[in-house]
Amino acid sequence: MSQTTFSTLAIDDRGVARLTLDRPEVHNAFDDHLIAELNDHLHRVGELARRGEVRLLVLGSEGKSFSAGADLHWMKRMLDYDFEDNLADSRELSALMHGLDTLPCPSVCRVQGATFGGAVGLAACCDVVIASEKARFCLSEVKIGLSPAVISPYVQRAIGERQMRRYALTAEVMDAATAETLGLAHRVVAADDLDAAVEAMVDTLLATSPQASRATKALLAEVAREPDSNATRDHTCRIISELRVSHEGQEGLASFFEKRRPAWAPDSSSTTERRT
């Protein structure tokens, strides 16, 4: 008998990977099984992105909730875990956040509803977050005696230290408008417009140079670590110089001056998918 899967990965012929949490009956709650699946999927997407076969990732979920955070049955099992068991579990979740955050290609998060606990970290690790007006976000951990520890670097980077202190300590629910104001969500749209808004962002990202997108994402991570060091300044100069003489850099400049579509830009809306 094949093992039940809690997520799917589909890649269309434009190089758009769609990673979907598929446990709607429990509001896409995390457990160790789902975390392991997501880590495997992200590893595959990362490898394909480095080879230029995946252009971007769309992270979403089935059902009315994006994710309710930790699964209740998993949490019950944790009552019998010792420190080492908990440490191993936490490291798997940390690997998931790090893998999503450092994915070589751009990532878009589609948030349609409740986003609690660790799921807030998933959103914060994505490059672009598009949320329905029905979305709700909550760092709920302190209400059950825990802490948003593993996701805290990513969420604090998104909303800032001052706001993180409030929402991590109070476990207040943020509506979509508040999440947008704080910088956790980039755009909020009507529920019926969510898919169209996500697809518009996909089209926008596909119009950019794949090589330049990967280089820029890596560069921004480096700049965030050391914004004004001699090494960073030298690195920025080398990156732009390498891109200018690269095949895609030359093609981009040529297409601009010749007023034509660059070679990487899709000329159709074909979305034939393969599932893995």
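Brief remarks follow.
- If you go through the stretch 123-139 and keep only what is under 15 Å from SER65 (Cα atoms), outside any strand (DSSP E or B) and open to solvent by 10 Å² or more (accessible area, probe 1.4 Å), you end up with GLU133, LYS134.
- Hits in the stretch 3-16 (condition: in a loop (DSSP other than H, G, I, E, B), out of contact with any helix residue (DSSP H, G or I) (no Cβ under 7 Å at 6 or more places or on another chain) and in contact (Cβ under 8 Å) with a residue 40 or more places away in the chain): ASP13, GLY15
Rundown of residues vs (1) at pLDDT 95 or above; (2) part of a helix (DSSP H, G or I); (3) within 29 Å of ARG136 (Cα to Cα), yes/no style:
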site	(1), (2), (3)
MET1	no, no, no
ARG18	yes, no, yes
ASN28	yes, no, yes
GLU37	yes, yes, yes
HIS43	yes, yes, yes
GLU53	yes, no, no
ARG77	no, yes, yes
TYR81	no, no, no
LEU96	yes, yes, yes
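- Taking every residue in the stretch 227-247 that is over 13 Å from THR216 (Cα atoms) and pairing it with any residue that is modelled with pLDDT of 90 or more and of a type in the set (Asp, Glu), at least 6 positions away or on another chain, the pairs with Cβ-Cβ distances below 8 Å are THR232/GLU222.
- Output for the stretch 140-180, where each listed residue is under 23 Å from SER94 (Cβ atoms), assigned to a helix (DSSP H, G or I) and not aliphatic (A, V, I, L, M): GLU141, LYS143, SER152, PRO153, TYR154, GLN156, ARG157, GLU161, GLN163, ARG165, TYR167
Yes/no matrix, rows are residues, columns are (1) in contact (Cβ under 8 Å) with a residue 24 or more places away in the chain; (2) under 15 Å from the mean Cα position of the chain (by Cα):
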residue	(1), (2)
ALA123	yes, yes
GLU133	yes, no
ARG136	yes, no
GLU141	yes, no
VAL155	yes, yes
ILE159	yes, no
ARG162	no, no
ARG165	no, no
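- Restricting attention to the stretch 20-34, the residues being hydroxyl-bearing (Ser, Thr, Tyr) and surrounded by 20 or more Cβ atoms within 10 Å (Cβ to Cβ) number 0.
The values are calculated or read from the model by the stated rules, or taken from the named source; none is laboratory data. This is a predicted model, so every value here is computed, not measured. Using ideal geometry, Cβ is built from the backbone for each residue, glycine included, and neighbour counts are taken over all protein chains shown. Side chains included, ligands, DNA and RNA excluded: accessible areas come from the protein's heavy atoms. Shrake-Rupley method; radii C 1.70, N 1.55, O 1.52, S 1.80 Å.
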